[in-house]
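Student: I am attaching a structure below and will ask some questions about it afterwards.
Every read-out reported here was derived from the displayed coordinates using simple, explicitly stated rules and does not represent laboratory data. Bear in mind that the values here come from a model prediction, so they are computed numbers and not experimental data. Note that each Cβ is placed from the backbone with ideal geometry, even for glycine, and that neighbours are counted across all protein chains shown.
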Amino acid sequence: MTKVYYNGDVNEVALKGKKVAVIGYGSQGHAHALNLKESGVDVVVGVRQGKSFQKAVEDGHQVVSVAEAAEQAEVIMVLLPDEQQQKVYEEEIRDALKDGDSLAFAHGFNIHFNQVVAPENVDVFLVAPKGPGHLVRRTFEDGAGVPALFAIYQDVSGEAKDTALAYAKAIGSARAGVLETTFKEETETDLFGEQAVLCGGLTSLVKAGFETLVEAGYQPEVAYFECLHELKLIVDLMYEDGMAGMRYSISDTAQWGDFVSGPRVVDERVKQSMKEILTDIQSGKFAKEWILENKANRPQFNAINNSEKEHQIEEVGKKLRDMMPFVKRKQKEVVSASAK
Ligand code: NDP
Ligand code: MG
Ligand code: MG
């Protein structure tokens, strides 16, 4: 089995005497910065003026511009939105990199697709928590952590692996388990997971089920409970105990329906589509279209986003959730594309 690294496997010394610049103070940024600091790491936050900047100041960090933070630090962790990274890197980070610095990421997109081309005199690694930033923070406070992947792209110091693992430990991930991967594997599997299963696959499955019931004349409220609300209860069981554990808890009728109807929903055609989606990720077609969409100021993203918000399932869902205050998130969690 692949080696899983835990706290005891980590050489903490790798971060001693180094300053870490956390660039961006959003979902991942706030969690990394706070966890690092509470683990005794010297942290500076680099972000543009605005809401995040204020929040980082209120959280007690030393907060400066991106260029200034990159200048001060030896480890520069880039936690900006993926589509902003190239521009900010070229304008504010590149010139601040010194021999032996580490340039780090939480997702491999920009390095793997050559949007950010790092100089040859720095280490390049990623530490990618497999969960949303707000859980990276909350689990850390609870004494646990979110599992993470790490990968080394460039190792000029000969210590990139130690640094990456020490970083993973300081954000709490080595309490839960850290696995080694490559930039290629992390980038392609992360994109595939969020597109085919976690985000894209799931929302389309829920919508199709809801529409099928409503079009057949059933009450939208009943369809909502059946196709969306109950999902969490099922996923929690799978998360805790796998598919067999979930099936142990459901009725035998539900389990028989699962066996005979599941493969009719996700059939060979669906799997063929998944393979095509994976091919588009591997070939760079998806990345190119997303980069161009951003260059054009997101016309398609915005149009789809607006029409999705008007779907009947959102209207019904809002009404029902307002009647179930216990369902509301305790603190608003910014859940980004990585199912996060
Ligand atoms: P967010 O969108 O939550 O946060 C982005 C931060 O960057 C904000 O503080 C924002 O400030 C700042 N920012 C945006 N543009 C600029 C700019 N031009 N100059 C300076 N600061 C800027 O990002 P995420 O945390 O979601 O993602 C960060 C990285 O982590 C990505 O690589 C992502 O793939 C990865 N990742 C994210 C996960 C998640 O849970 N969200 C999970 C695993 C990996 P402002 O408030 O001013 O807009
Ligand atoms: Mg039922
Ligand atoms: Mg992602």
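Student: List the pairs from 51/184; 130/285; 19/285 whose alpha-carbon separation is above 26 Å, in the order I gave them. Write out the running numbers ahead of the final one.
Tutor: Numbers: 51/184 33 Å; 130/285 24 Å; 19/285 37 Å.
Table pairs above 26 Å Cα-Cα are 51/184; 19/285.
Student: Averaged over every viewing direction, what's the projected area of the C-alpha convex hull for the chain? Give it in nm², one decimal, please.
Tutor: 19.2 nm²
Student: Calculate, in nm to one decimal, what residue 222 and residue 9 gain on full extension: separation in residues at 0.36 nm each, minus their alpha carbon distance.
Tutor: Extending this stretch completely gives an extra 71.7 nm.
Student: Starting from the Cα of residue 18, draw a straight line to each of the lysines and keep only those under 23 Å, dropping any in the same chain fewer than 8 residues away.
Tutor: Leaving aside lysines fewer than 8 places away in the same chain, those within reach of residue 18 are 37, 98, 161, 169.
Student: Can you give the longest stretch of the chain with no exposed loop site, where a site means GluC sites (Glu not before Pro) in a DSSP loop (not H, G, I, E or B) with at most 12 other C-beta atoms within 10 Å?
Tutor: Numbers: sites that count: 120, 310.
Counting only loop sites that pass the neighbour cut-off, the longest clear stretch is 121-309.
Student: Ok, one more. Taking Cα atoms, how many degrees apart are the long axis of helix 160-170 and the longest axis of the chain, rounded to 10 and kept between 0 and 90?
Tutor: 60 degrees
Student: For segment 51-119, evaluate the Debye formula with one uniform point scatterer on each Cα (no solvent term) and list log10 I(q)/I(0) at q = 0.19, 0.21 Å⁻¹, rounded to two decimals.
Tutor: -0.78, -0.93
Student: How much net charge surrounds residue 73 when only the other residues with a Cβ under 11 Å from the Cβ of residue 73 are counted, with Lys and Arg +1 and Asp and Glu -1?
Tutor: Charge balance in the 11 Å sphere: -2.
Student: Scattering from the C-alpha atoms of segment 4-181 alone, worked out with Debye: what is log10 I(q)/I(0) at q = 0.08, 0.10, 0.12, 0.15 1/Å?
Tutor: Cα-only, vacuum Debye calculation for segment 4-181: -0.20, -0.32, -0.46, -0.75.
Student: Only bridges with both residues in segment 4-181 count here: give the DSSP antiparallel percent, nearest 5.
Tutor: Counting DSSP beta bridges with both partners in segment 4-181, the antiparallel share is about 25 percent.
Student: Using the number of other C-beta atoms within 10 angstrom as an exposure proxy, rank 152, 76 with the fewest first.
Tutor: Final ranking by Cβ density, sparse to dense: 152, 76.
Student: Normalised by the empirical 2.2 N^0.38 Å for globular proteins, what value does the Cα Rg of segment 192-327 take?
Tutor: Details: Rg = 17.6 Å, N = 136, 2.2 N^0.38 = 14.2 Å.
Dividing the Cα radius of gyration by 2.2 N^0.38 Å gives 1.24.
Student: May I ask you to sort 316, 235 by Cβ crowding, counting other Cβ atoms within 10 Å and putting the fewest first?
Tutor: Ascending Cβ contact count within 10 Å gives the list 235, 316.
Student: What distance in nm separates the simple spin-label points at residue 289 and residue 275, each placed 7 Å from Cα in the Cβ direction?
Tutor: A separation of 1.9 nm, rounded to one decimal place.
Student: Give, as a single signed number, the net charge of other residues whose beta carbon lies under 13 Å from the beta carbon of residue 115, with Lys and Arg counted +1 and Asp and Glu -1.
Tutor: Details: positive: 87, 94, 288, 295; negative: 82, 83, 90.
Surrounding charge for residue 115 is +1.
Student: Where both partners of a DSSP beta bridge lie in the chain, what percent of those bridges are antiparallel, to the nearest 5? Please list the in-between numbers first.
Tutor: Details: 8 of 30 bridges.
If we restrict to bridges inside the chain, about 25 percent are antiparallel.
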